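What follows is calculated from the coordinates using simple rules that are stated; it is not laboratory data. If you're wondering where the values come from, they're calculated on a predicted model, not measured in any experiment. Cβ coordinates were reconstructed from backbone atoms using ideal geometry, including for glycine residues, and neighbour counts include every protein chain displayed.
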Amino acid sequence: MKKVNLFVFFIVLFSCACTGQVHRFYYELTYKPSTKNKTLKKDLFYLDSLERGSVFMRKEKCESDSLLAAQVYLPILSLETMNFKVVKDLKNPSVTVKDDLFIGTISYKESADIQWKLSSENRIIGTLQTQKAETDYGGRHWIAWFTQEIPVFDGPYIFMGLPGLIVELSDTNNEYHWKFIGSKKNVRDKLFTESIMDEAVMSKEAYIKNKTSFIKDPLPVLMQSMSDVSKNEEIMSKMNRQAESIKKYYRDNDNTIEK
């Protein structure tokens, strides 16, 4: 992985942009998953960029999706609040969020109408000259530092539309803080936009309703994966324990990106 301070690398990187190869930008996320304590976690995310589109997801999700696409059997899906994939259309600005909920994927599409307020404040991050911008989204106020030295109008999660790559992004409470840590060219020849599991497409309002319902009572969703024959007393007992485990997980990880 190339580091941020290797500025010469970016000259080579963008001189090769016409080759049709995916360039991967690495972001480290430091975040506070629970409202009940001050424990911090870290995760690595990939922003895969190709011409006028991109895909943003956690490293582990990218790896598991690649294995599933290659028909490698995975015995169980991890229980994570960040099993999402964000697919961006930078030409006709829109965002599609695909969220894995245990046995399937629910997704929604929305316009990328992010109202950025540019500041005259500047800061050097690594060797990159950055500028400050602010916006409100998902119940949080966000501060971004972007650089025009890297002409990719994109960044972490759903955020895009600034005149350069977002190098740092955090909410004002610093409960979510993404930091650009490096980049690599030619990781693949196309963006991995597909969902591996069955996908249900809906509005964002329906997505929120369905996910809230799943978090409150995951048992009906778990039972969809079981045949009537297999729903004996022992299996149902295991399913109930699993449902309780899922509810506890979401209670303990209640500080979501969007409030």
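Per 0.36 nm of contour for each residue apart, how much would the distance between Glu233 and Asp189 grow if the chain were fully extended, relative to their Cα-Cα spacing? Let's see the in-between values first.
Details: separation 44, 0.36 × 44 = 15.84 nm, distance 4.92 nm.
Using 0.36 nm per residue and subtracting the Cα-Cα distance, I get 10.9 nm.
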*How would you classify the range 97-194 from its alpha-carbon gyration tensor, with a ≥ b ≥ c the square roots of the eigenvalues: rounded for a/c under 1.5, else prolate if a/b is greater than b/c, otherwise oblate?*
oblate
*Taking H as built 1.01 Å from N, whose amide H comes closer than 5 Å to the amide H of Leu165, not counting residues under 5 places away?*
Thr147, Ile150, Val152, Asp154
_Principal-axis tilt of helix 204-216 within the chain, Cα atoms, nearest 10 degrees_ = 50 degrees
*Given H placed 1.01 Å from N in the peptide plane, which residues other than close sequence neighbours of Arg188 have an amide H under 5 Å from its amide H?*
Val22
*Note the angle between two axes, namely the Cα long axis of helix 233-252 and the longest principal axis of the Cα atoms of the chain, as a number of degrees from 0 to 90, rounded to the nearest 10.*
30 degrees
*Pop out the ³J(HN,Hα) list for the range 51-66 in order, Karplus 6.51 cos²θ - 1.76 cosθ + 1.60 with θ = phi - 60°, rounded to Hz; leave Gly and Pro as x.*
6, 10, x, 7, 9, 10, 7, 5, 3, 5, 5, 4, 5, 5, 5, 5
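Output the direction-averaged projected area (hull surface divided by four) of the convex hull of the alpha-carbon atoms of the chain, in nm².
14.8 nm²
Restricting to DSSP H runs of at least four residues, report the calculated mean residue ellipticity at 222 nm for the chain, -39500 (n - 2.57) per run over all residues, nearest 500 deg cm²/dmol.
After summing the helix terms and dividing by residue count, I get -7000 deg cm²/dmol.
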_Can you give the FRET efficiency to the nearest 0.05 for Asn174 and Gln148, using r as the Cβ-Cβ distance and R₀ = 25 Å?_
0.50
